[in-house]
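What follows is one structure encoded as structure tokens, with my remarks underneath.
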Amino acid sequence: MTALGVVYRPQLPPERVRSMARVAEDSGLEELWLWEDCFLEGGISVASAALAWTERLRVGVGLLPVPLRNVAVTAMETATLDRLFPGRFTLTVGHGVQDWMGQVGARAESPVTLLREYLDALRALLRGERVTTEGRYVKLADVALDWPPPTAPEVLAGVSGPRSLRLSGEAADGTLLTAGTPPEGVRKARQLIDEGQKSAARTGAHKVVVYLLTATGPDAAARLRAELETEGLASVPDLGVAGSADTVAKAVQRLVDAGADTVILQPTADEPDPEGFVRFVAEEVRPLVP
């Protein structure tokens, strides 16, 4: 079965998280995904609250920008959440928006090098290993977690460029693709990820999660079009979906057919009823997605 979820956009105030998480849980939705966009809300703090307010809901953060966080801190926080809420937290790391990284003095000269070093160290720490490394960016001396997870959780990479997608195949457990990725983009991403896996002699499953910009209701088409224009994506064919549950479910299926394992519906920034959007996905779209 295709996993389905919804994005909680950080343009909403932090105090809205409880309502959204509870509605997602009560309506039977599988996943709620959060962003750590600068300078809105902290990904780990919001995720921990959403997990604590629910019993079953899986919560993903997509993504934590690696220039902002020492890899040991990310490993500690991920291990803590995994032990507190086993199997319910999904971590995604990525380059971050370079302009934002520059604003805080954390911009890396080689984001790909940083992400490679970070993924290798993070996954090793979460496996319970003792790590010493002297990379260009990641430097650890005899570091190990005192409370590693019983089983190492997946670490996804949120990436888009060809080099980074190959890196994700080489060094991550899965890949998160943005809502700017149409079905053909998912197909191409899968090819690049497969190339990376092959070059690293990795044969295990590699999960692909993709956001789908979605609008429903009487003004859905206009809201979708306005957001795509704002993001400079209006000319990208087959991007986003507006309309009924059946229309949305067909758009989800196109992404799945292209290689997505999980589709996370992303409401427009001006979605008038975020909780209603969650119910729409859980109660109307979910039954139509195999």
Which residue pairs have Cβ atoms under 6 Å apart, sit 6 or more places apart or on different chains, and have a first residue in the stretch 153-164 that is in a strand (DSSP E or B) and a second that is basic (Lys, Arg)? 155/123
Within the stretch 67-82, the residues that are within 27 Å of residue 102 (Cβ to Cβ) and not aliphatic (A, V, I, L, M) are 67, 69, 70, 74, 77, 78
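Which one is surrounded by the most Cβ atoms within 10 Å (Cβ to Cβ) among residues in the stretch 256-273 that are within 15 Å of residue 286 (Cα to Cα) and of a type in the set (A, V, I, L, M)? Let's see the steps before the verdict.
Keep residues of the stretch 256-273 that are within 15 Å of residue 286 (Cα to Cα), which gives 256, 261-266.
So of that shortlist, the ones also of a type in the set (A, V, I, L, M) come out as 256, 263-265.
Details: 256: 19, 263: 29, 264: 26, 265: 26.
Checked the stretch 256-273; the qualifying residue surrounded by the most Cβ atoms within 10 Å (Cβ to Cβ) is 263.
Going residue by residue through the stretch 132-149, is there one that turns out to be among the polar types (S, T, N, Q) and free of Cβ contacts under 8 Å to residues at least 12 places away in the same chain?
Just the residues of the stretch 132-149 that are among the polar types (S, T, N, Q), to begin with: 132-133.
Now narrow it down to the ones that are free of Cβ contacts under 8 Å to residues at least 12 places away in the same chain: 132.
Within the stretch 132-149 (the criterion being among the polar types (S, T, N, Q) and free of Cβ contacts under 8 Å to residues at least 12 places away in the same chain), the answer is yes, since at least one residue qualifies.
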Which numbered condition in (1) of a type in the set (Ser, Thr, Tyr); (2) without any contact (Cβ under 8 Å) to a residue 24 or more places away in the chain; (3) surrounded by 20 or more Cβ atoms within 10 Å (Cβ to Cβ) is the only one that residue 235 fails? (3)
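Hey, can you tell me all the residues within the stretch 235-290 that are aromatic (Phe, Trp, Tyr) and either out of contact with any strand residue (DSSP E or B) (no Cβ under 7 Å at 6 or more places or on another chain) or farther than 24 Å from residue 17 by Cβ (or both)? Spell out the reasoning first.
Initial filter on the stretch 235-290 (aromatic (Phe, Trp, Tyr)): 277, 280.
Passing the criteria: only 280.
Is it fair to say residue 75 is small (Gly, Ala, Ser), over 16 Å from the mean Cα position of the chain (by Cα) and crowded, with 23+ Cβ neighbours inside 10 Å? Before the answer, list the steps.
Numbers: small (Gly, Ala, Ser): yes; over 16 Å from the mean Cα position of the chain (by Cα): yes; crowded, with 23+ Cβ neighbours inside 10 Å: yes.
So residue 75 fits the description; yes.
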Contact list please: Cβ distance under 9 Å, first residue in the stretch 39-51 and within 24 Å of residue 99 (Cβ to Cβ), second residue in a helix (DSSP H, G or I) and among the charged types (D, E, K, R), pairs at least six apart or on different chains. 44/77
Residue under question is residue 221, and the condition is that it be part of a helix (DSSP H, G or I), more than 25 Å from residue 37 (Cα to Cα), of a type in the set (A, V, I, L, M, F, W, C) and without any contact (Cβ under 8 Å) to a residue 24 or more places away in the chain; does it hold? yes
Within the stretch 1-37, residues being surrounded by fewer than 17 Cβ atoms within 10 Å (Cβ to Cβ) and not in a helix (DSSP H, G or I) number 7
Filter result (farther than 16 Å from residue 46 by Cα and outside any helix (DSSP H, G or I)) within the stretch 70-88: 70, 86, 87
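No value in this document is a laboratory result; all are computed from the given coordinates. This one's a predicted model, so the numbers in the text were calculated from it and none came from an experiment. With ideal geometry, Cβ positions are generated from the backbone for all residues, glycine too; neighbour counts draw on all protein chains shown.
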